[in-house]
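Trainee: The structure's right below; bear with me while I get my questions together.
Coordinate-derived values only; no laboratory data. These numbers come from a predicted model, not from an experiment. In this analysis, Cβ positions are derived from the backbone assuming ideal geometry, glycine residues included, and neighbour counts consider all displayed protein chains.
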Amino acid sequence: MNPKPGEVWLADLGLTAKMRPVVIVSRYDSNPPRALVIYVPVTTQNRGSLYEVELPRLPFLIQGSVANVQGLSSTPKARLERKLGELPEETMLDIK
C-alpha cells in the first residue's frame, strides 16, 4: 500500500475508537525509508478558521467537511484502513 497525495483514506487515529477520514499530503515514494504518511484530518466541525479548507461535495463523505490543515500529523501506514477516494486537484492546491 502506497497512498498518494490527494487521496482520502479512512484511518484509525486512536481517537475514542473512531475511524476518521484523512487527506494524504506526504509525497509519493514507491520505496519510503519509513512506513509513515503525513496527513491532514477531515472534520465536519467547520469553525470558519483560516486553517480549514472546505471540501467540495464528495460521494464518499456523508456530510459537508473541511480539511483541518492545522492538524497536520503523521501516522504509520498500518493505521490506514481503506481508500475512500480522491480530492480534486484544485482542492489539493488550497490545502497546500
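Trainee: Measuring from label point to label point, each 7 Å out along Cα→Cβ, what is the Tyr28 to Gln45 span in nm?
Mentor: The answer from the label model is 3.3 nm.
Trainee: Now for a different question. What do the square roots of 5 times the Cα gyration tensor eigenvalues come to for the chain, in whole Å, largest first, as semi-axes of the equivalent ellipsoid?
Mentor: Equivalent ellipsoid semi-axes, largest first: 20, 15, 13 Å.
Trainee: Starting from the Cα of Lys83, draw a straight line to each of the aspartates and glutamates and keep only those under 14 Å, dropping any in the same chain fewer than 8 residues away.
Mentor: Glu7, Asp12
Trainee: Using amide H atoms built 1.01 Å from N in the peptide plane, name the residues 5+ places from Ala11, or on other chains, whose amide H lies under 5 Å from its own.
Mentor: Arg20, Val22, Glu81
Trainee: Would you work out the relative contact order for the chain, in percent, from Cα pairs under 8 angstrom that are 6 or more residues apart?
Mentor: 33 percent
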